[in-house]
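*Asks:* I have a structure here, written as structure tokens, and I will follow up with some questions on it.
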Amino acid sequence: MFQLQEKAQAEVEIRKSRFIGIVLPVASRDEALRELAGIRARWPDARHYCAVLLCAGDSMLDDDGEPSGTAAKPMYNVLRHKDIANVLAVVVRYFGGIKLGAGGLVRAYTQAVNAALAEAVLTPLSRTCLRRLGVDFSGEARLRHACQETGLAVVDQQYADRVWLTVELPEADVDARLAELADCMAGALEVAAPDG
């Protein structure tokens with residue numbers, strides 16, 4: 001599975017119609033809808049704004065007035081074939097006066113998304129898990145520093161009889177990362193599941 005590092009864009013012209021392919025990383029449907037509104041505002045006189053969202057178990061396919069199955073579905077197929085997640089793909093179409101037919105539209109929308117992806121930088125998407133790490137109050141700053149130094153994100157904190165930091169770890173080497181943190185804390189680290 002892969003994700004985009006940043007927004008990428010490319011344009012193709014097919015029989016006088018312009019197809020502007022845009023792919024960008026998104027984390028939610030709300031973010032995708034805001035980005036889509038921004039794209040509509042940037043190219044206000046375009047005929048179609050076809051969009052596909054693949055994000056955290058959420059998806060959206062919008063042909064935006066093109067014949068059903070000729071725009072969003074081929075765009076979706078490109079993203080699935082390339083195994084990309086957390087992505088919004090939009091193709092902005094300026095109609096050039098020549099009808100392309102269903103097959104021509106499928107090829108055009110496929111080509112526009114592929115052209116945008118050719119400009120994109122993809123990074124592997126690694127699976128993560130959460131662990132709660134407990135330390136005495138005096139060790140909180142040292143644990144936060146160790147997390148920062150090892151590139152681990154602290155996603156929550158709770159204060160009770162001790163400090164509990166919820167940390168996001170790569171699933172592939174969770175045990176090694178926890179051992180590294182325990183070494184940084186000279187063994188004064190308690191590890192619990194996120195709900196424990």
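*Asks:* Within straight cross-link reach of Lys73, meaning Cα distance under 18 Å, which aspartates and glutamates are found once same-chain residues fewer than 8 apart are removed?
*Replies:* Cα-Cα hits under 18 Å: Asp58, Asp62, Asp63, Asp64, Asp83.
*Asks:* Let me ask something else about it. Can you tell me the FRET efficiency between Lys73 and Lys99 if r is taken as the Cβ-Cβ distance and R0 is 25 Å, rounded to the nearest 0.05? The partial results should precede the final answer.
*Replies:* Values: r = 19 Å, r/R0 = 0.76.
For R0 = 25 Å, the calculated efficiency reads 0.85.
*Asks:* Right, here's the next one. Only one of the listed values, [x] 38, 19, 13; [y] 46, 15, 13; [z] 40, 20, 18, was derived from the coordinates as semi-axes √(5λ) of the Cα gyration tensor in Å; which label is it?
*Replies:* [y]
*Asks:* Work out, step by step, the length gained on full extension between Arg29 and Tyr159: first 0.36 nm times the residue separation, then minus their alpha carbon distance; give nm to one decimal.
*Replies:* 43.5 nm
*Asks:* Another question about this same structure. How big is the Kirkwood radius of segment 99-151, worked out from every pair of different alpha carbons and given in Å to one decimal?
*Replies:* 16.1
*Asks:* For segment 173-178, in order, what is each residue's ³J(HN,Hα) by Karplus, 6.51 cos²θ - 1.76 cosθ + 1.60 with θ = phi - 60°, in whole Hz (x at glycine and Pro)?
*Replies:* Running phi through 6.51 cos²θ - 1.76 cosθ + 1.60 with θ = phi - 60° gives 9, 4, 5, 5, 5, 5 Hz.
*Asks:* Follow-up. By per-residue mean of other Cβ atoms within 10 Å, what is the highest-first order of 3-12, 111-120? Before the final figure, lay out each step's value.
*Replies:* Values: 3-12: 16.3, 111-120: 20.6.
Taking the mean over residues of other Cβ atoms within 10 Å, the ranking is 111-120, 3-12.
*Asks:* Long-range amide H contacts for Arg47: which residues qualify at under 5 Å (H placed 1.01 Å from N, peptide plane, sequence gap of 5 or more or a different chain)?
*Replies:* Close amide H contacts, sequence-distant or interchain: Arg93, Tyr94, Phe95.
*Asks:* Using a Gaussian network model of the chain whose springs link C-alpha atoms within less than 10 Å, name the residue from Asp64, Asp30, Asp156 with the highest mean-square fluctuation.
*Replies:* Judging by the Gaussian network model, the answer is Asp156.
*Asks:* Throw me the Rg/Rh for segment 88-176, computed over C-alpha atoms with Kirkwood Rh, two decimals.
*Replies:* On the Cα set of segment 88-176, Rg over Rh gives 1.36.
*Asks:* While we're here: Once you have the Cα-Cα distance between Lys16 and Asp175, take 0.36 nm times their residue separation minus that, and quote the gain in nm to one decimal.
*Replies:* Values: separation 159, 0.36 × 159 = 57.24 nm, distance 5.70 nm.
The Lys16-Asp175 span can extend by a further 51.5 nm.
*Asks:* Using a Gaussian network model of the chain whose springs link C-alpha atoms within less than 10 Å, name the residue from Gly69, Gly139, Gly104 with the highest mean-square fluctuation.
*Replies:* Most flexible of the set in this elastic network: Gly139.
*Asks:* Could you name the lysines whose alpha carbon sits less than 18 Å from that of Lys7, not counting residues in the same chain fewer than 8 places away?
*Replies:* In chain and number order, the partners are Lys82.
*Asks:* Same structure, new question: In a Gaussian network model over the chain where Cα atoms closer than 10 Å are linked, find which of Met60, Met185, Met75 has the largest mean-square fluctuation.
*Replies:* Comparing Met60, Met185, Met75 in a Gaussian network model of the chain, the most mobile one is Met185.
*Asks:* Under 17 Å Cα to Cα from Lys16, which lysines show up? Leave out anything in the same chain fewer than 8 places away.
*Replies:* Filter leaves Lys99.
Read-outs throughout are calculated quantities, based only on the coordinates presented, and are distinct from any laboratory measurement. What you see is a predicted model; the values in this text were computed from it and never measured. For neighbour counting, all protein chains shown are included, and Cβ atoms are generated from backbone atoms with ideal geometry for every residue, glycine included.
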